[in-house]
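Please read the structure below before turning to the comments.
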Amino acid sequence: MATMTIGTKTLALDADGNLANMNDWNEEVARELAVQEGITELTPQHWAVINFMRQVFAKEGDAPSIRRLTKESGVDTKTLYQLFPKGPAKKAAKIAGLPKPKGCI
Amino acid sequence: MRHLLILGGGTGGTIMANKLAAALDEQEWQITIVDATEQHYYQPGFLLVPFGTYRIRDIVKPRRQYLPRRVNVIISGIDHIDAEKKSVTLANKAVLKYDYMIIATGADIHPEQIEGLMDEEWGRSKFDFYSPKGANRLAQFFKTWQGGKLVLNIAEMPIKCPVAPLEFLFLADSYFTKRGMRDKVELQLVTPLSGAFTKPTSSRVLGEFLERKGISVVPDFNIARVDSKEKKIVSWDENEVSYDVLVSIPTNMGDAAIQRSGLGNELNFIPTDKETLLAEELKDVFVLGDATNLPSSKAGSVVHFQSEVLFQNFLEHIDGRPPVAHFDGHSNCFIESGFDKGMLIDFNYKTEPLPGEFPLPGVGPFTLLGESRINHYGKLMFRWVYWNLLLRGMELPIEAEMSMAGKRV
């Protein structure tokens, strides 16, 4: 199984490269995951999205889609793509320490 | 007298009406089904219309012909559901009360969700094939097309029949080859997914197929708008892909009545227990097929497998017992791969599509995640199975629960 090292701790990753154990997550881990995704600095807007994703996941067991992020997080689609280039839902979920959104088969 | 109301007379609603009409006592139960139109389309057939294999008249039948005589059929749109009062208000303002309800209102394409898609070029250089009109227009267009770059774009997931876009490209490759103009046609898949398909093994195998057939893939592309003048599609992060012909799989959404009733998610799909098929927040309501928010494929085979689970759980539920049957996410899809061949994939929530053989008594084995002629004939044969066995709720020689028999892990 793949792992990532942060400080002296080794954290397990799942097949998609997301944290295997959500409890390993903290803000420092988030910043490290963000760097791996090419995001060097997490701004308050990034954190608003990340926290929203964690809230939804805690309640519903799956991360929200981009469409729902746009509708409910207060950040529009265009900005979401600027904050998390390529795939906002996938990327934000990873940085938020959540598994890849199930989306659909 | 207890009243069962079924919303939607498509694949799921029709199967349930047939199964339950046979199981529920006529003296005790009244069954009503509501649908907006008189025509029942064999939706898997849309894919074959652009290439002239089927005409629209080959894939449409009168809806009532497939519903049992004892069922009260109402042709009307639905205004909204009032789950508190256990009633449904129709478009004509009539109010139907229910004791139990099955929602099978399906999903449909929404091209208006994509900026710039539905302008004066819609139906000229930009098409869909998920509607009778769209599939037909594309068939007419292909007849005289001289070639160029055909881009197939998936707007966002989930979509009905997630393999249909790939099949469309495989069939286009075959069709233009047979017409002797494949060298004049460039085929490209532009998808929000990271590869050809979602799950690793099938994504790799199907990706190799695309490559072998000279079909290129632009992954991770999330469409923001279409620029008809420049003939290009633009993503949210400002990447551009040019086209001569755009075949769009627009955003798929559940029925607008679900939104008006405040019952769905951001795409109007209804939160549903993924194993029992009971609506999560509504009393005495089951949800079936494309109308659900389940992480299973939106496809006819899935509806068929779900209908067996729903049938068992419905009979338990009306007697006040907890549900006994559990849906495992089973999906079984023939994939047309062109040149009279096809593939088959069989999977569920936990097991991704794997290669191997799919045993089917009397007919099979079919080839899993590989090409064969029998798979293609399986797909063509399925139209007959759909009208004559599946819709009527008859037993098919394939289990609702996925089996590992024949699969290579």
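Descriptive notes on the structure:
- Relative to the longest principal axis of the Cα atoms of chain A, the long axis of helix A:44-60 makes an angle of roughly 80 degrees.
- Comparing the full protein assembly with the isolated chain, the residues of segment A:54-98 losing at least 40 square angstrom of accessible surface (1.4 Å probe) are A:R67, A:K78, A:Y81, A:K86, A:K90.
- Residue (of B:I59, A:N51, B:L96) at the positive-pole extreme of the protein assembly as shown, dipole from beta-carbon charges: B:I59
- Lysine pairs in segment B:1-126 with Cα atoms under 30 Å, if 8 or more residues apart or on separate chains: 11
- Segment B:331-390: equivalent-ellipsoid semi-axes (sqrt of 5 x gyration tensor eigenvalues, Cα, Å): 18, 15, 11
- Residues in segment B:132-192 average 33 Å² of solvent-accessible surface per residue, probe 1.4 Å, ligands and nucleic acids excluded.
- If you look at the Cα atoms of chain B, you get an Rg and a Dmax of 21.3, 66 Å.
- Accessible area buried at the B-A interface, both sides summed, 1.4 Å probe (Å², nearest 100): 1700 Å²
- Residues in segment B:223-269 that, when all protein chains are in place, have 30 Å² or more less accessible area than the chain alone would give (probe 1.4 Å): B:W236, B:D237, B:E266
- Chain B: DSSP helices with Cα axial extent of at least 15 Å and average Kyte-Doolittle hydropathy no lower than 0.5: B:11-23, B:164-178
- Here chain B has 49 percent of its accessible surface on carbon and sulfur atoms, given a 1.4 Å probe and all protein chains in place.
- Approximate shape of segment B:111-251 as ellipsoid semi-axes (Cα gyration tensor, √5λ), whole Å, largest first: 20, 20, 14
- Measuring nothing but how far apart in sequence close Cα pairs (under 8 Å, 6+ apart) lie, relative to its length, segment B:111-251 scores a relative contact order of 36 percent.
- Based on Cα contacts under 8 Å between residues 6+ apart, chain B shows a relative contact order of 16 percent.
- Rounded to the nearest whole angstrom, the semi-axes of the ellipsoid equivalent to the protein assembly as shown, taken from the Cα gyration tensor as √(5λ), stand at 35, 30, 24, largest first.
- Per-bin percent of Cα-Cα distances, chain A [5 Å]: 2, 13, 26, 26, 20, 9, 3, 1
- Summary value for segment B:1-114: 34 percent relative contact order, contacts being C-alpha pairs under 8 angstrom separated by 6+ residues.
- Rounded Å value of the spacing that divides the Cα centres of segment B:340-409 and segment B:161-206: 21 Å
- Those lysines that a straight Cα-Cα span of less than 22 Å connects to A:K102, excepting residues fewer than 8 apart in one chain: A:K59, A:K71, A:K86, A:K90, A:K91, A:K94, B:K160, B:K199, B:K274, B:K298, B:K350
The values are calculated or read from the model by the stated rules, or taken from the named source; none is laboratory data. A quick note: this is a predicted structure, and the numbers were derived from the prediction, not measured. Here Cβ is always computed from backbone atoms with ideal geometry, including for glycine, and neighbour counts include all displayed protein chains. For the accessible areas, the whole protein counts, side chains as well, though only heavy atoms, and no ligand, DNA or RNA atoms are used. Shrake-Rupley method; radii C 1.70, N 1.55, O 1.52, S 1.80 Å.
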